[in-house]
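Peer 1: Quick one: the structure is below, and I'll ask about it shortly.
What follows draws every value from the coordinates through simple rules; no lab data is involved. Since the structure is predicted, the reported quantities are computational estimates derived from the model, not experimental observations. Positions of Cβ are generated from backbone atoms using ideal geometry, with glycine treated the same way; all protein chains shown enter the neighbour counts.
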Amino acid sequence: MPELPEVQTIVDDLSQKVVGQTIIDFWTDWPKAINPSSPTSFKKGVRGLKIIKIERRGKNILIYLTGNKLLLIHQKMTGHLMVGKWKKKKFREGWRVNNLVRGSLDDRVNQYIHAIFYLKNGEMIALSDMRKFARIDFGKEKDILSSPRIRMLGPDALDTKLTFNKFKTIIGRRKKSIKQTLMDPFVIAGIGNIYADDILWSSKVHPARSSNTLKDAELKRILINTRKILKKAIKLRGTSVGDYRDTAGEPGKYGKEILVYRKTGQPCPRCKTLIQRTVLGQRSAHFCPQCQKI
C-alpha cells in the first residue's frame, strides 16, 4: 500500500503537472470505486471544474476544485495516479485501455487503468489499480473534509505541530504494540508497514513492545527517526516493492535503502545478527533480535 512518502510524491508531481487545468470529462469501468457511484452523475459533477491545489492528508490525496468542490482519492493497496495520454476501446469482454506515451508508462503495473480524468490541455490523470480497492470521492469541500475518513485521522507523521509532548501523550496511552500503534492512521497518519519497520529498527525498539511501556528516550528516538526516514523516502520518491509508481510510471528508489523490511534471514545492517520476522495484528514485523530486544 502506498504510504506517506509515496502519496506525497504523487501530490508533489500532480501539483507541478495539473494545477490550473480544467477537467473536461471522466471515464471509469469500475463504478464501485467512485462516490457518487453513478458514472453519469460523477462525470456531470466534475466536468468543467478547474484544479486549484492538491494536498495530502495521511494517505489521502485531496484535489481542490473550483466551486468549493473536492476530490478525495485513496489509492489503497495497489492504486497509483499517473499523468499521460491513453486510448480506451470497448470489447465484448470489457474495456481495454492503451497507453499512448511510450516509456515507463508501459510498465506492466501501469496497465490496470480503471478511471481517467480528461484535462483541457489534452493530458489525462489515470488511476491504475490491479486489485480495484482504490476510492474516489467527490463532493462539497466541507462535506469531504468533515467525513470520518478525514476528521478522525490522527496528527500527520510529518506535521511540524507534532511536538514530542503530544507524540508521547498519544503513543503512551496505547496498550497495543508500538508497530501496530505507528500504523494506526487514527493515532498517527501516514506510516505503514515498510517505514514502521525501519523506524523501529533505527530506534532500537522491538516492534512487539507495548506502546505504554516505552521510555521517553525511546519515544524521542522513534519521533526523530520517523521524520528522518519519511523525509529521506520522499526525497527518493517512495518505495516500489510492489505496484507503486509515480505519475510518470517510474518506481521509487527507497527500496534500495530499506533497512529491515522483508529482510528476514539477512544480516542486520548494524550488528550482523540475522533479521527475524513476527506477526503483529495480522501484519508482518521485521526486526533484529540483538538490537531490538523485547
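Peer 1: Order 206-216, 111-121, 264-274 from most to least packed using the mean count of other Cβ atoms within 10 Å. Each step should come with its number before you reach the end.
Peer 2: On the way: 206-216: 16.5, 111-121: 20.1, 264-274: 12.9.
Sorting 206-216, 111-121, 264-274 by mean packing, highest first, produces 111-121, 206-216, 264-274.
Peer 1: Stretched out fully, how many nm does the piece from Ser210 to Thr264 gain, at 0.36 nm a residue minus the Cα gap?
Peer 2: Extra length from Ser210 to Thr264 when fully extended: 17.2 nm.
Peer 1: Would you calculate the convex hull of the Cα atoms in the chain and tell me its volume per residue in Å³? Spell out each step's value before the answer.
Peer 2: Working: hull volume 39.2 nm³, N = 294.
Spread over its residues, the Cα hull of the chain gives 133 Å³ apiece.
Peer 1: Moving on. Rounded if a/c is under 1.5, else prolate if a/b is larger than b/c, else oblate: which is region 19-61, with a ≥ b ≥ c the root eigenvalues of its Cα gyration tensor?
Peer 2: Note, shape of region 19-61 comes out oblate.
Peer 1: Sketch the reach of a paramagnetic label on Leu100 as a point 7 Å from Cα along Cα-to-Cβ, and name the residues of region 109-131 whose backbone nitrogen lies under 17 Å away.
Peer 2: Correct set: 113-127.
Peer 1: Let me ask something else. Fully extended, how many nm does the chain gain between Glu257 and Asn35 (0.36 nm per residue separation, minus their Cα-Cα distance)?
Peer 2: Details: separation 222, 0.36 × 222 = 79.92 nm, distance 3.75 nm.
Gain on extension, Glu257 to Asn35, equals 76.2 nm.
Peer 1: For Lys293 and Lys231 in one chain, what is 0.36 nm times their gap in residues minus the Cα-Cα distance, to one decimal in nm? Please report the intermediate quantities before stating the final value.
Peer 2: Details: separation 62, 0.36 × 62 = 22.32 nm, distance 2.65 nm.
Stretched out fully, the Lys293 to Lys231 stretch lengthens by 19.7 nm.
Peer 1: How high is the relative contact order of region 4-151? Use alpha-carbon pairs under 8 Å, at least six apart in sequence, and give a whole percent.
Peer 2: On the way: 294 pairs, mean separation 40.9, N = 148.
Worked out over region 4-151, it gives 28 percent.
Peer 1: If the only charges are +1 at each Lys and Arg Cβ and -1 at each Asp and Glu Cβ, what is the size of the charge dipole of region 132-252 around the Cα centre, to the nearest 20 debye? Walk me through the numbers on the way to the answer.
Peer 2: Details: 26 positive and 13 negative charges, 102 e Å.
My answer is approximately 500 debye.
Peer 1: Packing-wise, with mean Cβ within 10 Å as the measure, how do 125-134, 155-164 rank, highest first? Write down the numbers at each step before the final one.
Peer 2: Working: 125-134: 20.8, 155-164: 14.7.
Descending mean neighbour count gives 125-134, 155-164.
Peer 1: Can you run phi through the Karplus equation (6.51, -1.76, 1.60; θ = phi - 60°) for region 79-95 and list ³J(HN,Hα) in whole Hz, with x for Gly and Pro?
Peer 2: Listing the rounded values in order: x, 7, 9, 10, 10, x, 9, 9, 10, 10, 9, 8, 10, 4, 7, x, 8 Hz.
Peer 1: A further question on this structure: Given the DSSP H assignment, sum -39500 (n - 2.57) over each helix run of at least 4 residues in the chain and divide by its residue total; what's the result at 222 nm in deg cm²/dmol, nearest 500? Kindly include the intermediate steps, with their values, before the conclusion.
Peer 2: On the way: 8 runs with 77 residues, N = 294.
Calculated mean residue ellipticity at 222 nm is -7500 deg cm²/dmol.
Peer 1: Under 15 Å from a point 7 Å along the Cα-to-Cβ line of Lys166: which residues of region 218-236 have their amide N that close?
Peer 2: Of the residues in region 218-236, 223-224, 227 have backbone N under 15 Å from the label point off Lys166.
Peer 1: Of Gly58, Trp27, Gln16, whose Cα points farthest to the positive end of the dipole of region 8-126 (charges on the beta-carbon: +1 Lys, Arg; -1 Asp, Glu; origin at the Cα centre)?
Peer 2: Trp27
Peer 1: For region 31-189, evaluate the Debye formula with one uniform point scatterer on each Cα (no solvent term) and list log10 I(q)/I(0) at q = 0.16 Å⁻¹, rounded to two decimals.
Peer 2: -1.00
Peer 1: Would you kindly derive the ³J(HN,Hα) couplings of region 244-250 from the backbone phi angles with the Karplus curve 6.51 cos²θ - 1.76 cosθ + 1.60 (θ = phi - 60°), listing them in order in whole Hz, with x for Gly and Pro?
Peer 2: Using θ = phi - 60°, the values come out as 4, 9, 7, 6, 9, x, 8 Hz.
Peer 1: Using modelled backbone amide H atoms (1.01 Å from N, in-plane), which distant-in-sequence or interchain residues come within less than 5 Å of Lys53's amide H?
Peer 2: Tyr64
Peer 1: Give the lysines reachable from Lys263 as a straight Cα distance under 21 Å; neighbours fewer than 8 places away on the same chain don't count.
Peer 2: Lys179, Lys204, Lys228, Lys232, Lys253, Lys272, Lys293
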